[in-house]
Each structure stands twice: as structure tokens, then as C-alpha cells.
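Encoded as C-alpha cells, the structure appears first; notes follow it.
The values are calculated or read from the model by the stated rules, or taken from the named source; none is laboratory data. The model shown is predicted, which means the values in this text are computed figures rather than measured ones. Every residue, glycine among them, receives a Cβ derived from its backbone with ideal geometry; neighbour counts consider all protein chains shown.
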Amino acid sequence: MATELKLKELSKKPDIFCHGHRMCSGCGAPTVVKMVLLATEYPVVISNATGCLEVSSCIQDLTAWKTPWIHSAFENAAATIAGVETMYKSLLKRVKMPENVKFIAFGGDGGTYDIGFQSLSGAMERWHDMLYICYDNGAYMNTGIQRSSATPLGADTTTSPAGSAIPGKLQPRKDLTKIMAAHGIPYAAQASPSHWMDLMKKVRKAHEIKGPKFMNIIAPCNRGWRSQTDDSILLSRLAVETCYWPLYEVEDGKVKVTVKPKEKKPVAEFMKPQGRFKHLFAPGNEALLERVQQEIDKNWERLLKEDAAE
């Protein structure tokens, strides 16, 4: 059973993901990983898709992980951890092993929304007892900041460059959290490192639920977002306060909004500190900026109605 979250006690827990990794200064991903693992009270085995987190946290025989950790290919982190979970259940029938081992897969949005979606969807459908966590930075950051289906509308990337031909990415981002919930899994949620208590409570809840779980966690990338190296938490908070990144959970099909901003801010406040949206504030792009706001407003109102209906 999960215990109460107490900041003082959490601060004394040893890090499972420790210093020495090569993640960029100010990257949101290691903050997300540390929070997830601090919230985890069980022995854990981790599968990590190829991406920023993987290539920067284990270089040859040097690793930042103090737990069993498997480097998977870009497309199969979910299948890898599903295989480990299946082996574990088989071994429990034959040999004495620690019980209540938890299985987590980490993947970026490229290895989750796109390349790894088939693996993830299959693992969810087969009902493996695992938690998949996407650290969502909104593009293929590790390979050159190419757009992914997680890239927001209007963002400037190397494959959706803002210029005279197009004003950045022309399509809204895929709503993967809702897609995963549509698999009928017992738990899916969105979280943000700016709201650490909400994030860690969701991790602990997920660990207590049998079956497949999915969490989508925003993870600012100052290199790809062209923002400052010290504003990861600021941007995470603005993403929540503007409802660009609403915090909610879907448990057994029931939607619950877990954080409702006291004052919903315009999405421009989230976008202005980021160079990838700089062009949207130039004359002539007012319509696209308004479209971005309309998309967010529409999705937020729909989410509130789903929450109220439960």
C-alpha cells in the first residue's frame, strides 16, 4: 500500500537515477525521472527507449541508473518491459523471488507517439502489469529537433520550419493520453513536474493498480524549445495554467481533472518564452495564434464536461 507523500522524507530517499548523466543543463526529462522513482516504493525494473534519456544516462559501462535497466530500441521499450514482466510472473511460480516488483518503461514522444506506438498499444491490449511513462518534449530532440505527432500546432522545427512556405507545424498535436485511455486500460494520466505532488500521487496510484498503466508527463527541452536553461519548471507550470497541458486522470474510464487553474491564462504566456513560437507573434500570423488558443479552449471545455459527467 502506498504511503503518504511527505517532502521531508522524500528528500532523504536515495536517488535511483543519480548524478553523472549527460542530459542537457535544464532538461525536464531527468527531473521527471527522479520524481517518478522517488514516488516508487517497490523494487523496479526499467526499460528505456532509445532517445535523449537513454543515450545520455548510460555510456558504455558508465550508468546513472541504480536499478535493473534495459536499453531498448526506439520502437520497442513497451514490448521489452512486457517481456520482462511476463518472465517475472513465470519465475514466481518456480523459484523464490521478491514479490511486488514493478515494471516501468520510459520513452520520449518520438519513441511513444510515433515509432513505438505499435509496441505500446500491443502491451496495453495484452494487459501486462506495467507502467509506461512518456516524457513529452514535443519533438525528436535527440536526432535534430524534427517534428513528431506530439509537436504542437505552429511550432518551428527542422522538418516544419517557419518561413515563407509554412508558419511552422500545420497540425495540432495528437492526444495520446486519451488514445491510451481508449484502450480500456485501468489507468491513464497526464502530469507535470511543476506540480510534483500531483505527479507523484499519480505514480503511486498507478503502482497500486494491477494491469497496464500509462502516464504522459511534459518535459521541457530548452534546446528544442529555444528557451532558457533555468525555466523548465516555469514553462511546465505555464503549460498547466494555460491548459495547454491539463492535469487529469482516467481511472476505469472515469475522467477526473486533478488540477483546475484558478485563473486560466492565455496560451501566449506559455508560448512567448519559447523561440520555437517566435514567428507566431509577428504580424500576419495572428490567425494561427488564435487557432492555437481556440484548440486549447475547445479541448479544455470538453475535458471539464467529461469530468462533470462522472
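When the criteria are applied in full, SER192 fails the requirement of being in contact with a helix residue (DSSP H, G or I) (Cβ under 9 Å, 6 or more places away or on another chain) and touching a residue at least 60 places away in the same chain (Cβ under 8 Å). Checked against the criterion of being outside any helix (DSSP H, G or I) and modelled with pLDDT of 95 or more, the candidates LYS305, LYS278, LYS265 yield just one match: LYS265. Kindly check whether there is at least one residue in the stretch 193-208 that is over 18 Å from LYS178 (Cα atoms), touching a Cys at 6+ places or on another chain (Cβ under 9 Å) and surrounded by fewer than 24 Cβ atoms within 10 Å (Cβ to Cβ). No, the stretch 193-208 contains no residue that is over 18 Å from LYS178 (Cα atoms), touching a Cys at 6+ places or on another chain (Cβ under 9 Å) and surrounded by fewer than 24 Cβ atoms within 10 Å (Cβ to Cβ). For the stretch 204-262, a tally of residues being in a strand (DSSP E or B) and more than 24 Å from HIS279 (Cβ to Cβ) returns 17. For the stretch 254-278, filtering for residues that are over 20 Å from the mean Cα position of the chain (by Cα) and touching a residue at least 40 places away in the same chain (Cβ under 8 Å) leaves 5. So, LEU37, is that one part of a loop (DSSP other than H, G, I, E, B) and of a type in the set (A, V, I, L, M, F, W, C) or not? No, not satisfied. The set of residues in the stretch 108-167 that are of a type in the set (Val, Ile, Thr), over 20 Å from GLU54 (Cα atoms) and surrounded by 19 or more Cβ atoms within 10 Å (Cβ to Cβ) comprises THR151, THR157. Suppose the filter is in contact (Cβ under 8 Å) with a residue 24 or more places away in the chain and in contact with a strand residue (DSSP E or B) (Cβ under 6 Å, 6 or more places away or on another chain); does ILE59 pass it? No: the conditions fail for ILE59.
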